[in-house]
Amino acid sequence: MIYLGAIISLAEGINHLTNYDAEFTRKIVHISSGNIILIAWWFKLPTWVLLSASLIASFIALISYFFPILPSINSVRRKSLGTFFYAVSIGILTHWFWTINKPQYTTIGILIMAWGDGMAAVIGTRFGRHSYQIFGTKKSLEGSITVMCISFLITSVILFITGESINLILITSVLVSSIAAGLEVFSKWGIDNLTVPLGSAIVTFYLT
């Protein structure tokens with residue numbers, strides 16, 4: 001929680017003291033907060049710690065959704081529950097995989113959400129030239145490709161670290177990255193912050 005508090009405080013400071021778009025500071029929180037799962041995996045934090053953090057973060061996200069007290073986490077240009085779904089996904093994946101001693105699948109799901117979705121928004125906003133719309137939500141081909149590439153990299157690296165065979169790593173990474181990119185397209189209400197991490201983790205688990 002100290003780590004998350006520091007990230008939000010930094011983003012709020014940038015949001016109030018600079019001319020950066022509020023969406024930029026939201027992405028700082030989005031990407032940086034996902035890295036907490038690496039800390040949890042490395043230090044083998046118990047399940048209850050992550051579940052407690054998920055519950056607290058979910059509550060804060062809901063409060064900020066209805067009362068804009070923290071623009072750095074809910075400043076998306078459309079009305080979205082994405083931050084809430086993000087926190088909930090951490091709780092679900094922790095409860096599922098931490099309890100069976102398979103933290104790598106939680107890590108894959110959360111990092112794909114943090115870095116894949118986060119960088120897709122950055123790349124799509126700055127360099128997106130080929131746009132399309134799904135259910136009224138504008139996306140870019142460049143952003144979708146970014147999700148796929150980052151998802152492939154994250155899945156490959158983590159499966160390699162955990163000792164899977166190269167052939168299995170390649171097949172799984174291709175399928176997971178394709179599914180993640182597809183799920184990220186359907187982002188109405190921010191639901192992709194739930195479907196992308198859960199879908200990525202579950203598919204990886206059953207393929208390996």
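Annotations
- Breaking point among (1) surrounded by 22 or more Cβ atoms within 10 Å (Cβ to Cβ); (2) touching a strand residue (DSSP E or B) at 6+ places or on another chain (Cβ under 6 Å); (3) not aromatic (Phe, Trp, Tyr), for residue 108: (2)
- Taking the listed residues 108, 169, 158, 112, the one that is under 19 Å from residue 204 (Cα atoms), part of a helix (DSSP H, G or I), β-branched (Val, Ile, Thr) and over 18 Å from the mean Cα position of the chain (by Cα) is 169, with no other qualifying.
- Restricting attention to segment 190-208, the residues that are part of a helix (DSSP H, G or I) and more than 19 Å from residue 91 (Cα to Cα) add up to 2.
- Residue count, segment 126-146 (criterion: outside any helix (DSSP H, G or I), touching a residue at least 40 places away in the same chain (Cβ under 8 Å) and polar (S, T, N, Q)): 1
- Filter result for residue 59 (among the aromatic types (Phe, Trp, Tyr), more than 14 Å from residue 198 (Cα to Cα) and at pLDDT 85 or above): yes
- Considering only residues in segment 146-201 that are of a type in the set (Phe, Trp, Tyr) and closer than 24 Å to residue 54 by Cβ, the one that is modelled with the highest pLDDT turns out to be 186.
- When residue 141 is tested against (1) over 19 Å from residue 186 (Cβ atoms); (2) of a type in the set (A, V, I, L, M); (3) in contact with a strand residue (DSSP E or B) (Cβ under 8 Å, 6 or more places away or on another chain), exactly one condition is not met: (1).
- If you go through segment 88-142 and keep only what is aromatic (Phe, Trp, Tyr), over 16 Å from residue 162 (Cβ atoms) and modelled with pLDDT of 95 or more, you end up with just 96.
The values are calculated or read from the model by the stated rules, or taken from the named source; none is laboratory data. Values in this document were obtained by computation on a predicted structure and should not be read as measured data. Positions of Cβ are backbone-derived with ideal geometry, glycine not excepted, and every protein chain shown enters the neighbour counts.
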